[in-house]
Structure formats: C-alpha cells, structure tokens
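This report refers to the structure that appears directly beneath it.
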Amino acid sequence: MKLDLLIHHADIRTQDPLHPRAHTLGVLGGRVVGLDGEVTGIPARRTVDLHRAVVLPGFNDAHCHTTWYGLTLASVDLLPARSLDDVYRAIAARAAVSAPGAWVVANGFDHHHLGGRYPDIDELDEAAGGRPVYIRHMSGHASIVNTATLRLAGVFAPDFTEPVGGGVRRRPDGRPSGLLEEQAQHLVQDLVLPYSQADIAAALERATQVYAAEGITSFTEAGIAGGWIGHSPVELAAYQTAREEGRLHARAQLMVTLDALHPVVAHPDDHAGIGLDLGLRTGMGDDHLSIGPTKVFVDGSLFGETAAVSEPYCTAQHREGYFQLAPDDLRARMLDAYRSGWSLAAHAIGDRAIDLALDIMAEARVAYGPHRVPNRLEHGGVIRPDQIPALAAAGVAVVPQPNFLRQFGDGMARSLGPARTAWSYRVRSLLEAGVCVPGSSDRPCADGVALRGVQAFVERLTGSGATYGPGERVTAEQAVRAYTVGSAAATGFAGVKGALATGQLADFVVLSAAPSDVPAEEISAIEVLATSVGGRFTHDALGLAERTLLLT
C-alpha cells in the first residue's frame, strides 16, 4: 500500500484530545489514515516536508453567503467609502462604462462608516445618469435604490402597498428616500432575479478561490433558492455544476430558505408536509456538497434596529424591531418543516426573536425527536442570561460572527446600552453552558477572514478600540476549536471533519504560526501558507507542488 500524501516535519495541532500534537500525517483516499508512528515507514506517492510549519484542521465558516460574496467581487465595492461623495463617485464611474438602462449594482455599503448617513436619492439619480441603482447594505437587511429603480418596482403606482415584514422609508414630505428595509427588498430583487446558473457558478469559483487562500476548507451557505437571500430557484444545480467542473474549492453545506419549501403530497405515514420535490431534505448529499437546515428569518438586524428586542433600542425609544412573519404563521411553518425532516436554522438576533425561535425549536424536538443535523440559532445578537440554559437543554447550536464586533460593535453598543451589550454575541458563557458554538462570518455582510475572526473571538474589540462584552472573551485555542470542531458539530459533521484524526477528512491549513503561540493582536497577521481539501492543495504559497517528492 502507498499513501496518497505524507506530511512530515510539521507542527500539527490536531484538535483531537487523544493525540493533540503530531509531526507526521498520512492521507489516503482523502482521509487521514494515521499520525506519527502509525504511518512511519509507509511509502507515499507524494511526500511533503513542511519544515516545522504549523498545521491545523481547515477552517469552517458555518454561516456565510458565498454566491452573494462571489457576485460582489464583480460589482461596485463600497466598503472603502468613507463619505457620501465616495459613494456617488463610485456609482458614477460604473455608470459611465455601462450601457444606457443597464443596472448599476453595488455592495458593501455601511452607513456606520458615514456617520449614520445614507445616500440622497437625487444625488444617486444624477450619478447613475438615468440607470437603475441597486446598493446592498453590508447587513443584507436593507438596500438603497434610486428613482429609476423605484419606478420599475411600482412604488409610485396609486395602488402600491407596503410589503409585510419590511418597509419603504420615506422623507418627511412622504417621498421615498430610496431605503428599503427587510422584506421590502423583494421589490428590487424580483426585478433582477434569478441569476443564471453560469453566473452563480462563476461567483462560486471567485469566492472559493479567496476561501482557499484564507485556509477555509468548508462553509455553510446561509440561504439559497428563495427569499431575499436566494439567487435562483435552481441554485443547487449551480453548485453541482461548479463542483463537477472543479470550480468549487471548498466543501459546501447549503441551507434552503423556508420560502422555497412548498407543500409535498405523499403517503400520510411519510409526514411530508412542506419540503422540496422528490423528498429532498436536510442531510441529502455527501461530505463535499450537502443540504443543511432550512433557513428561517425570524427578525431583522441590530444594525438597522429591526431585530425584535424585548425593550426599546436606546437610540430609538419607540422601536423594538419586528418579526419577519406573524408568530403563529412562523410557528406553523417551522413545525411543519421540522416534521418533514428539515432541521431549523433560525435567524434570530433580538432576545424577543430568540424567545420565539427557541420555543418553536424546543416544541419541535419534543414532538418529533432530535435530528442528526442540529437546530441552530443564527447570530444570537442579544441572549439574556435566562435563555442560555434553555438553549443548552434544547440542543441548539448558536452561531455568532466575531468580526461583527470590530466592524459594527460601536453602533450596536449605542443601540443596546451597556447591560444588553454584555449579553450580545456571547461565546464564553455559551461554551460554559455546553452550547455548541461554531466560527462564522456572515460574509459579505462582514469580514470573512477566519484568522481575523479568531482574533476577534479573543479580543472582542470594536472599531474604536472599546471592549465589547469582555466577559465573553475566549482563548485562542477555544477560538480555533470553534472554527474547526465547533463548526463541524454545528453542521452535523462531528467526527467526520474538524480534527486531524484517523478516519476524518484530510482538510487542513498550513500556517506560519499557531494562533495560541502569538500575542492576540498578531493572530490576523499569521500567514496562510497552504490549504488542503481531502489531501488536494487548493492553495499553495509554498510551492509544495515543486517541492513534493514524487514516488512511483
């Protein structure tokens, strides 16, 4: 027998408590077959000397929007904008090279970088030269458009009505300001969707090439096929195409939005309430491409103060956020989906939304038993102390985004006040209660670099340098474990990946240093030297292909 790959002279941090450190690792058939003495003397087709470089299990981003991110890489990037004039110039520059009537699409807008201000609709009209403009807010919970777009969307029609679960913001004179919140974004998305499979596959290739360079070997796509987060009713097919063509450079789990599920007729004993045709449900697929939970939007965001909280926001005393659907309707649909074989991933940020989501998940588990893929709470922006034991008892994974703190922490702290800030985007208290906490980014809503996420888990610093909930800090080891073992468990792949142990997938990242061996402020500066998915290098800054010893 010959191994496919033998890694030696490495500093391997395995995340396996039975064999935490190793120097040699053998790969066969895409899986780890042994460490150190277990593979000593076994010949290999490829042997790589890493000269004591650090090896960790590959990073797993448990909540991101990969198609959306890939599309942003080809659109106007407003992330660097620090003034409204920067926004207008960027829109005008793209409009100048676009055909008359063509859409001008931009991403990365963050009003927090502009003193809380949004673009003026008249200025957007002038910059676009009559073309429709579609700007997506970083949070994904709002969009900014111009008059041409509003006209196409029918907002000026006499019979126009406000969308349920969202709103068209207006000026004091009643004229639309161009800001669309939550479900009101459908007004624009219905004009530009669906994207073609070819465009989605190209976006996936662009995005996962970046992932590979950052050491990300797995991710969960947090919403496909429907709702305001999906890009096509046949989005899964685009993923299949990208995989077949070798353009999907990381393992993918796909959440199907609850909006995309529909009534399914089957034998009464099959409990086929709502789902997808042919009975597709959570768990379908393999370790490279699979269907995950259904994505459910319970409330909005902290950035726009639309998340459902139990007490008003400090900056807007009349606002307590809102639910995306009426609670009774949400409960009925979530229970129906769970009964039909779907695990639940509930976007619930405010504590009032968490109460509702947790009640439904607990009811589902009691009524229909646990599922192999755990239920999840996406974000968990404000978790009261009394909610923590209930989350643990219900077996619900909580999926925070550590990079939110650096990018949005100052604004969130102003909205929440000191007491609730201490309860916001918790990590340490959840881990101590036995709750599964993975690493994730919500990219492109926030920075998706995993090592910056690890640093943010440890430091919990805002953009101004303030500490955001210092009691929720964790160690670098715990942060790495969240991005590896934690993410594997939260996605139903515990024991399959997340650790470099015999039988697990040979997904690993080669680093210039271990996060636990450098000061916290230096973690994000660690170099990603190589990335492996199943023993195949998807990123190679070391020239390992040239340095590999080929044995015949």
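The values are calculated or read from the model by the stated rules, or taken from the named source; none is laboratory data. Since we're looking at a predicted model, the values are computed, not measured. Counting neighbours? That spans all protein chains shown, and the Cβs are built from the backbone with ideal geometry, glycine included. With ligands, DNA and RNA removed, areas are computed over all heavy atoms of the protein, side chains included. Shrake-Rupley method; radii C 1.70, N 1.55, O 1.52, S 1.80 Å.
For R170, enumerate residues with amide H under 5 Å from its amide H, sequence gap 5+ or separate chain, H modeled in the peptide plane.
Answer set, sorted by chain and number: S177.
After finding the eigenvalues of the alpha carbon gyration tensor for segment 285-342, what semi-axes result from the square roots of 5 times each, listed largest first in whole Å? Numbers along the way, then the final one.
Details: eigenvalues 192, 50, 7 Å².
Equivalent-ellipsoid dimensions as semi-axes: 31, 16, 6 Å.
Give me Rg/Rg_expected for segment 238-318, where Rg uses Cα atoms only and Rg_expected = 2.2 N^0.38 Å with N residues. Walk me through the numbers before you get to the answer.
Working: Rg = 18.5 Å, N = 81, 2.2 N^0.38 = 11.7 Å.
Dividing the Cα radius of gyration by 2.2 N^0.38 Å gives 1.58.
Percent of Cα-Cα pairs more than 14 Å apart in segment 134-176, please. Show your work: numbers first, answer last.
Details: 503 of 903 pairs.
Result: 56 percent of Cα pairs exceed 14 Å.
Semi-axes of the equivalent ellipsoid of segment 60-106: what are they in whole Å, largest first, if each equals the square root of 5 times a C-alpha gyration tensor eigenvalue? Display every interim value, and only then the final one.
On the way: eigenvalues 120, 47, 7 Å².
Semi-axis lengths for segment 60-106 are 24, 15, 6 Å.
Suppose all protein chains stay in the model; what accessible area per residue would a 1.4 Å probe give for the chain, in Å²?
On the way: 20470 Å² over 552 residues.
Computed with neighbouring chains in place, this is 37 Å² per residue.
Peptides 423-433, 167-177, 53-63, 106-116: what's the order by average Cβ count within 10 Å, highest mean first?
Details: 423-433: 20.4, 167-177: 12.8, 53-63: 27.0, 106-116: 18.5.
With the highest mean Cβ count within 10 Å placed first, the list reads 53-63, 423-433, 106-116, 167-177.
How large a share of the accessible area of segment 134-218, in percent, is made up of carbon and sulfur atoms when the probe is 1.4 Å and the other protein chains stay in place?
Using a 1.4 Å probe with all protein chains present, segment 134-218 comes out at 55 percent carbon and sulfur.
Using DSSP to call loops (not H, G, I, E or B), can you name the trypsin sites (Lys or Arg not before Pro) in segment 1-60 whose Cβ has at most 11 other Cβ atoms within 10 angstrom?
Numbers: sites: K2, R13, R21, R31, R45, R46, R52; in loops: K2, R45, R52.
Here the sparse-neighbourhood loop sites are R52.
Can you pull the semi-axes for segment 405-492, root of five times each eigenvalue of the Cα gyration tensor, sorted largest first, whole Å?
Numbers: eigenvalues 88, 45, 26 Å².
Each semi-axis is √(5λ); the values are 21, 15, 11 Å.
Between segment 11-40 and segment 169-232, how many Å separate their Cα centres?
40 Å
First compute the accessible area of segment 1-74 with a 1.4 Å probe, then give the percent of it belonging to carbon and sulfur atoms. Mind showing how you got there, number by number?
Details: 1610 of 2800 Å².
Roughly 58 percent of what the probe reaches on segment 1-74 is carbon or sulfur.
When the scattering of the chain is computed by the Debye formula from its Cα atoms alone, each counted once and equally, what is log10 I(q)/I(0) at q = 0.05, 0.06, 0.12 Å⁻¹?
With no solvent term, the Cα-only Debye profile gives -0.20, -0.29, -1.17.
At a 10 angstrom cut-off on C-beta neighbours, averaged per residue, how do the peptides 86-92, 268-274 rank from highest to lowest?
Ranking the peptides 86-92, 268-274 by packing returns 86-92, 268-274.
Report, in cubic angstrom per residue, the convex hull volume of the C-alpha atoms of segment 249-290. Could you put the intermediate results ahead of the total?
Working: hull volume 3.3 nm³, N = 42.
Convex hull of Cα atoms, per residue: 78 Å³.
Show the residues, 5+ positions off or on another chain, whose built amide H is closer than 5 Å to the amide H of H63.
Excluding prolines and chain starts, which carry no amide H, the hits are T220, S441, D442.
For segment 92-105, what does the Karplus curve 6.51 cos²θ - 1.76 cosθ + 1.60, with θ = phi - 60°, yield as ³J(HN,Hα) per residue in whole Hz, taken in order and with x for Gly and Pro?
In residue order, the calculated couplings are 5, 5, 5, 4, 5, 10, 10, 5, x, x, 6, 6, 10, 10 Hz.
From Cα pairs below 8 angstrom and at least 6 apart in sequence, can you work out the relative contact order of the chain, rounded to a whole percent?
Relative CO of the chain lands at 17 percent.
Determine the dipole magnitude for segment 294-359: charges of +1 sit on the beta-carbon of Lys and Arg, -1 on that of Asp and Glu, nothing else is charged, the reference point is the Cα centre, and the result goes in debye to the nearest 20.
Working: 6 positive and 10 negative charges, 53 e Å.
Using only the charged Cβ atoms, the result is roughly 260 debye.
Please get the size of the charge dipole for segment 436-552, origin at its Cα centre, with Cβ charges of +1 on Lys and Arg and -1 on Asp and Glu, quoted in debye to the nearest 20.
That gives a dipole near 320 debye.
Rank by packing, highest mean first: peptides 391-401, 310-320, with packing defined as the count of other Cβ atoms within 10 Å averaged across residues. Walk me through the numbers before you get to the answer.
On the way: 391-401: 23.4, 310-320: 13.8.
Listed from highest to lowest mean packing, they are 391-401, 310-320.
Given H placed on each backbone N at 1.01 Å, which residues far from A308 in sequence or on other chains put an amide H within less than 5 Å of it?
For A308, whose amide H was placed from the backbone, the distant partners under 5 Å are G300, Y322, I349, G350, A353.
Dimensions of segment 282-393 along principal axes (Cα, Å, largest first)?
Computed over segment 282-393, the largest-to-smallest principal extents equal 47, 29, 26 Å.
Of all alpha-carbon pairs in segment 368-446, indicate the percentage at a distance above 22 angstrom. List each step's numbers first, then the result.
Numbers: 816 of 3081 pairs.
Value for segment 368-446 (Cα pairs over 22 Å): 26 percent.
Of all the accessible heavy-atom surface of segment 87-127, with the other protein chains kept in place and a 1.4 Å probe, what percent is carbon and sulfur?
Details: 1000 of 1900 Å².
Reported share for carbon and sulfur atoms: 53 percent.
Given just the C-alpha atoms of segment 1-131, how large is their convex hull per residue in cubic angstrom?
So the per-residue hull volume is 198 Å³.
Under unit Cβ charges (Lys, Arg +1; Asp, Glu -1), what dipole magnitude, rounded to 20 debye, does the chain have relative to its Cα centre?
Details: 46 positive and 62 negative charges, 131 e Å.
The dipole magnitude comes to about 640 debye.
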